[in-house]
Amino acid sequence: MSTLHVRGLTKRFGDVVALDAVNLEVHSGSLTAVLGPSGCGKTTLLRLVAGFERPDGGEIAFADRVVAGPGAWVTPQRRRVGYLPQEGALFPHLDVAANVGFGLPRVERTRTRVAELLDLVELPASFATRQPHELSGGQQQRVSLARAMAPRPSVVLLDEPFSALDTALRASTGRAVARALRAAGATAVLVTHDQGEALSLADQVVVMRKGRVVQADSPQGIYDRPSDAELARFVGGATVLPGTSSGSRVSTVVGEVTSKRSHEGAVEVVIRPEQVRLGGTGVVARVEEVSYFGHEATLRLRTADGSALLARVGAGSALPEVGTEVRVRVDTDVLSYPFTAIS
């Protein structure tokens, strides 16, 4: 497997700039998740790496082999890229073995090789004779991954491959696919709009916004050290409140809080739901909504000045009723950003 290098990649569709000088590096054998809302350019990035589109500027290289750039163009079929689309698109008239072996030279289409690939994606060899309609959605995606991995590609690209699955199946299939990619030492890029999927599966998370990379970091770095308040709100459902900072002390509508950064003047304060505590001597807020998930609950609160606030309550805690008033406080260090830096 090869390290993927993307340098200054630009793509336009008419007057629309889909990608604007994107830089990205995916280390050999690692899984990078490209995260962002619809229309941010993440699927366009994947299609350019695969060779389905030509860039208007910049360069794409697998290790030291340039596959797209000034004076260089390698066709998709010669890039040795494995591609897994949103729906696996198995051939309905072929059994699992024939689907998995479809991209292999005839001499490699052996029962042993198919069994190896099925084992890699955690499916028994007995599945080789099954038809696609006999498989669950998650099993179909695993077979699709086995087919993508069969020719030992330089890079594996996954375009929201779990979006058609239900929540539980999506999670289990995602974990199985990530294990298979790591077991094979694959260099992989996963495009997703699901932040939980990106944070839980990837070694690196790249967040895109309006055709640009906002931040590329470890999952923990993206969550704990977002580059701006908008990113903090996008990843993790943070509340962003105005505040006035004096050093590390910030005055807000929920009282004075301590910032991890030192600023002076107007700031935006990022408060995660898990940082909000109920009870004690905090400010009064009214409960507007209670969303119960079994292992936890999320409360939507409204302070006296009209500011919205999210709070997360663990399992076993007594839940207040909608319409009641509670006291809230923030007693852990928060992130803050100068107001002028907010986009």
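Values in this text are rule-based calculations from the coordinates and carry no lab data. The structure presented is a predicted model; accordingly, all values stated were derived computationally and were not measured. Ideal geometry is used to build each Cβ from the backbone, glycine not excepted, and the neighbour counts take in all protein chains shown.
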Checklist entry - To the nearest 10 degrees, how steep is helix 137-149 against the longest Cα principal axis of the chain, on a 0 to 90 scale? => result 60
Item to check | 0 to 90° range, to nearest 10: angle between helix 111-120 axis and the chain longest Cα axis | outcome: 10
Checklist entry - What number, in percent, do you get for the relative contact order of the stretch 126-284 if the mean sequence gap of Cα pairs under 8 Å and at least 6 apart is divided by its residue count? => result 13
Checklist entry - Which of the peptides 246-253, 216-223 is most tightly packed, and how do the rest follow, going by the mean number of other Cβ atoms within 10 Å of each residue? => result 216-223, 246-253
Checklist entry - In the P(r) worked out for the stretch 230-288, what percent of Cα pairs fall beyond 15 Å? => result 54
Checklist outcome for this item: Measuring from the longest principal axis of the C-alpha atoms of the chain, the long axis of helix 167-183 (C-alpha) lies at a number of degrees, nearest 10, equal to 60
Checklist entry - So for the stretch 233-341, Kirkwood radius off the Cα pairs, Stokes-Einstein at 37 °C and 0.692 mPa s: how many µm² s⁻¹? => result 232
Checklist outcome for this item: Heads up, the stretch 31-179 by the C-alpha gyration tensor (a ≥ b ≥ c square roots of eigenvalues; a/c under 1.5 rounded, else a/b over b/c prolate, else oblate) looks oblate
Checklist entry - If you take the Cα Rg of the stretch 175-306 and divide it by 2.2 N^0.38 Å, with N the number of residues, what do you get? => result 1.28
Item to check | Rg/Rh (Cα only; Kirkwood hydrodynamic radius) as it applies to the chain | outcome: 1.06
Item to check | Relative contact order, percent, the chain [alpha-carbon distance under 8 Å, six or more residues apart] | outcome: 16
Item to check | Euclidean distance between Cα centres, the stretch 143-160 to the stretch 268-342, Å | outcome: 43
